[in-house]
Structures are given as structure tokens and as C-alpha cells.
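J.: For reference, the structure I am asking about is given below.
The values are calculated or read from the model by the stated rules, or taken from the named source; none is laboratory data. Predicted model, so just to flag it, every value in this text is computed and none were measured. Positions of Cβ are backbone-derived with ideal geometry, glycine not excepted, and every protein chain shown enters the neighbour counts.
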Amino acid sequence: MRRTFPEYESIIGEVSASKLKQVARDLKGARVVHVNSTREGGGVAEILFWMIPLLNELGLEASWEVMEGNLEYFNTTKSFHNGLQGDNVILSDKMIRAYEDTVAANADRLRPILEEADFVVIHDPQPAMLHELCPERKGKWIWRCHIDVSKPNRKVWNYISSKVNGYNASIFSMPDFARKLNHPQFIIAPSIDPLSVKNMELSEDDINRTLTEFSLDLDRPILCQISRFDRFKDPIGVIQAFQLLNGAFNAQLILAGGGATDDPEGAAVLEEVTDAAEGNDSIHVLMLPSDAHRTINALQRASTIIIQKSLQEGFGLTVTEAMWKHKPVIGGNTGGIRLQVHNYHTGFLVNTPDGAALRIRKLLSRPDLIDIMGETAKEFVKENYLCNRQLRENLTLMLGLRRGLANHLITD
Ligand code: UDP
């Protein structure tokens with residue numbers, strides 16, 4: 001579904017729209033290539049899905065390429081991901097070989113377009129090595145890291161940083177994640193598209209149909225966490241928090257998520273979650289297809305409270321999506337969730353299942369607080385985390401790189 005710029009203008013306002021157009025004007029015709037590792041599932045794909053058409057609409061020539069690889073490659077890059085988030089993973093020579101051979105094959109396929117581009121934006125570690133395999137590159141290369149790399153496994157970081165040190169710049173989602181690298185680092189938080197199927201307004205009928213489809217009770221409070229089945233999202237902790245409620249408020253819990261093609265661990269985590277939920281009819285574990293955007297939208301809108309009890313989180317677009325829909329969020333006290341959830345304002349930050357249960361009880365006993373926090377949450381997203389802001393910051397960075405600003409910073 002193609003959205004036009006005037007439709008955005010009606011949400012973000014004329015001033016924000018004109019600021020964005022002004023920055024884009026100076027980059028008219030620039031060829032921009034984004035590379036990530038999946039077209040569906042996860043926050044990066046969610047962002048690129050709106051960003052590419054909007055860049056084109058603004059006059060740049062943008063395209064999106066996706067890494068191709070086998071299970072061994074994706075197992076290795078998932079280990080990179082877990083290691084960058086601090087897990088003690090083992091990287092064998094065989095894994096490194098699988099990674100390097102796969103990136104080399106992708107480089108053979110993508111080299112012409114990457115070497116000709118004015119800007120190449122490489123997302124996360126999966127395609128990171130493409131840079132050194134494109135020696136004739138003409139443009140500026142940016143490494144966009146979406147992961148919380150504040151306390152990485154040292155070996156994994158040493159390896160990945162050796163692949164990204166040669167880039168012209170990197171972008172992190174928040175200051176805590178920035179690390180020592182040989183180039184300037186920029187802080188740009190992610191954002192959501194308010195007009196996407198995931199976030200657009202839905203009718204009551206639409207929402208109720210989804211609830212009926214999943215045998216959810218319209219008259220009972222709904223607590224909901226939407227996430228890939230990933231241990232860092234702590235779905236088991238959410239179930240423990242729910243069980244601590246002991247049936248209070250007659251609430252229902254939804255844990256909904258699908259897989260991502262670059263995340264081979266999902267099936268095992270889903271099994272752990274299904275086992276933990278067994279025997280409790282008030283817990284609904286929903287495995288969704290990768291294009292279930294309208295369903296997720298409806299589930300978020302139908303929820304009384306959204307939970308995102310991650311143990312580590314780069315940003316947490318699910319938090320932004322929920323807040324945009326007037327929902328208070330009970331979120332893990334970590335990473336990008338801290339940027340969005342502010343205690344007593346837009347939700348509560350929690351560290352344990354007990355903490356989450358306590359905050360759920362508090363909110364369910366205070367519907368007035370749910371309404372006030374939901375309103376604040378919506379305004380907070382409108383102000384800070386809509387796509388126009390992220391685009392403007394990205395374009396400003398690109399302009400800076402083109403004009404040699406970053407080189408100036410390095411040599412200063
Ligand atoms: N998402 C989805 N289907 C799912 C689970 C998640 O479409 O089954 C979406 C979710 O709505 C959000 C993104 O994937 O837009 C997840 O981004 P987030 O930053 O929360 O986490 P990530 O998966 O990138 O770690």
C-alpha cells in the first residue's frame with residue numbers, strides 16, 4: 001500500500017514536513033542502498049519497509065537488498081547477535097568460514113550496485129563484511145547498528161569491529177551503545193510509520209473480529225506482549241508475572257509473535273513458551289505469519305496494557321507501536337525501552353517478574369491512570385518517534401558525510 005507525502009503531512013504537520021523536504025532537496029537523485037538480512041520479521045525490516053518508498057518519494061534513488069544465506073550462516077549471525085548483546089557464545093573457525101563465504105557470495109551478487117551507490121547503509125552484523133569486499137566503492141558507507149552493544153562479548157565485538165572500522169560513520173540507537181571505532185558515531189533512534197497497516201487506525205469491528213478469531217474475551221482485561229520468540233524478550237518472565245497475578249482482575253495474557261528468516265532460534269523458544277503456558281486457559285500463545293500486521297495492530301489496540309519485558313533491547317519498536325495506540329507499557333528496564341517508557345508517565349520500567357506483576361496490578365486497579373498514561377504515551381511518540389524525525393536525522397547525517405563534515409571531525 002503506497003502512501004504519499006501529503007498523507008504524512010496531515011499527521012506530522014506542515015513545519016516538520018517542510019524541514020524534511022528541505023534536507024532531502026540537497027540529496028535529490030542520490031543513490032542509496034540499504035542492506036539487511038531479512039525482508040520480514042523484526043524491527044529492521046519494519047523500518048526499511050517504509051523508509052525506502054519515502055526516500056524515493058523525497059527524490060532520492062533508494063533500494064533495499066537482503067543477504068542470502070543458508071542455516072549455518074544464520075546460526076552464526078544469530079550467535080554474533082547474541083554475543084554482541086553480551087552472551088558468552090563460542091565462535092568456531094567453521095562458523096567464521098560460513099559467515100565469510102556467504103558474505104563473499106553476496107558481495108559477488110551485489111558489488112555493482114554497492115560500489116556505484118552514493119550511500120550504502122549496512123544494518124547490523126550480518127552484512128558487515130561487504131564493505132571490505134567492495135574495494136572500488138565510490139560512496140559513503142554507514143554501519144547502522146540496531147543492537148545493544150554496550151557490554152558485548154569481547155571476541156565477537158573484536159571480530160565485528162574489525163569489519164566495520166573502515167566505514168565512514170556508524171549510527172547507534174542511543175548514547176549508551178556507542179563504542180570505540182575509527183570513525184564518527186551518530187545517535188539516531190528508530191521510529192514507526194503511523195500510516196502503515198501495523199499502525200493505522202482500525203475500526204472497532206476490525207478489532208473485535210481479531211479477538212473473536214483468537215477466542216479472546218472482549219470483556220476481560222488483556223495483557224499482551226508482541227515479539228519474536230527470542231529469550232532476550234523474556235516471554236517466560238512475562239508468563240511468571242502473569243501467574244503471580246493469581247487470576248486477579250480476570251485478565252488474559254497474549255504472547256504473540258512470528259519468526260524472522262534470519263532468526264533460527266524461534267522454534268525452540270516457542271516450544272519453551274508453550275510448555276510454560278500449558279494448563280492455563282487464560283494464556284494465549286499465538287504464532288503469527290510474518291505478514292500479520294493488521295492482526296498485530298488489532299491486538300495492540302485491544303490490549304489494556306502492553307508488556308515488553310525484554311532483558312535487553314536495542315530499541316523496541318513494539319513499545320513505540322503500543323504507545324502510538326494510547327497504551328501504557330510495562331517494559332524491561334533496559335536499552336531503548338528506557339528511552340520510551342518513563343515511570344508514571346508512559347508506563348513502568350521493571351526488572352523482574354515480581355516487579356511486572358506489581359505494576360500490572362497497579363494499573364489494572366487504576367483505569368484512570370491507564371487512560372492518562374496512554375494519552376501521554378501517544379503524544380510522546382508523536383513528538384519523538386515518528387518516521388519523519390528519523391528520516392530527517394538520517395538525511396542530515398548523509399549530507400554531512402557528503403560535505404566532508406565527518407572527515408573534518410576525524411582530523412580535528
Ligand atoms: N513483529 C511482527 N510480527 C511478529 C513479531 C514482531 O510484525 O510476530 C514486528 C513488531 O510489530 C515490530 C518489529 O516486528 O514492528 C519488532 O521490532 P522490535 O524493535 O520490537 O524488536 P526486534 O524483533 O527488532 O528485536
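J.: Scanning for something more than 16 Å from the ligand (Cβ to nearest atom), in a loop (DSSP other than H, G, I, E, B) and modelled with pLDDT of 95 or more, does the stretch 29-50 turn up at least one residue?
T.: Yes, the stretch 29-50 contains a residue that is more than 16 Å from the ligand (Cβ to nearest atom), in a loop (DSSP other than H, G, I, E, B) and modelled with pLDDT of 95 or more.
J.: So Arg179 passes all but one of these: (1) of a type outside the set (Ser, Thr, Tyr); (2) within 30 Å of Arg402 (Cα to Cα); (3) more than 13 Å from the ligand (Cβ to nearest atom); (4) at pLDDT 95 or above. Which condition number does it fail?
T.: (4)
J.: A further question on this structure: Against the definition (modelled with pLDDT of 95 or more, touching a helix residue (DSSP H, G or I) at 6+ places or on another chain (Cβ under 7 Å) and over 30 Å from Leu195 (Cβ atoms)), how does Ser79 come out, yes or no?
T.: Criteria met by Ser79.
J.: Now a separate question. Within the stretch 242-250, can one find any residue that is crowded, with 23+ Cβ neighbours inside 10 Å, in contact with a helix residue (DSSP H, G or I) (Cβ under 7 Å, 6 or more places away or on another chain) and over 30 Å from Phe177 (Cβ atoms)?
T.: no
J.: Only one of (1) surrounded by fewer than 24 Cβ atoms within 10 Å (Cβ to Cβ); (2) under 24 Å from Glu201 (Cα atoms) is not met by Asn333, so which one is it?
T.: Result: Asn333 passes all but (2).
J.: In the stretch 128-183, how many residues are aliphatic (A, V, I, L, M), buried (at least 19 other Cβ atoms within 10 Å of the Cβ) and touching a strand residue (DSSP E or B) at 6+ places or on another chain (Cβ under 7 Å)?
T.: 6
J.: May I ask you to verify whether Val15 is within 16 Å of the ligand (Cβ to nearest atom), among the β-branched types (Val, Ile, Thr) and either more than 24 Å from Gly266 (Cβ to Cβ) or buried (at least 17 other Cβ atoms within 10 Å of the Cβ) (or both)?
T.: no
J.: For the stretch 208-236, how many residues meet the condition of being within 16 Å of the ligand (Cβ to nearest atom) and over 18 Å from the mean Cα position of the chain (by Cα)?
T.: Count: 3.
J.: Return the residues of the stretch 238-256 that are within 16 Å of the ligand (Cβ to nearest atom) and either part of a helix (DSSP H, G or I) or over 25 Å from Asp291 (Cα atoms) (or both); say none if nothing qualifies.
T.: Val238
J.: Shifting gears a bit: Restricting to the stretch 353-385, count the residues that are in a loop (DSSP other than H, G, I, E, B) and surrounded by 15 or more Cβ atoms within 10 Å (Cβ to Cβ).
T.: Of the residues in the stretch 353-385, 1 are in a loop (DSSP other than H, G, I, E, B) and surrounded by 15 or more Cβ atoms within 10 Å (Cβ to Cβ).
J.: Let me ask something additional. Of the conditions (1) surrounded by fewer than 23 Cβ atoms within 10 Å (Cβ to Cβ); (2) within 16 Å of the ligand (Cβ to nearest atom), Met323 satisfies every one except a single condition; which number is it?
T.: (1)
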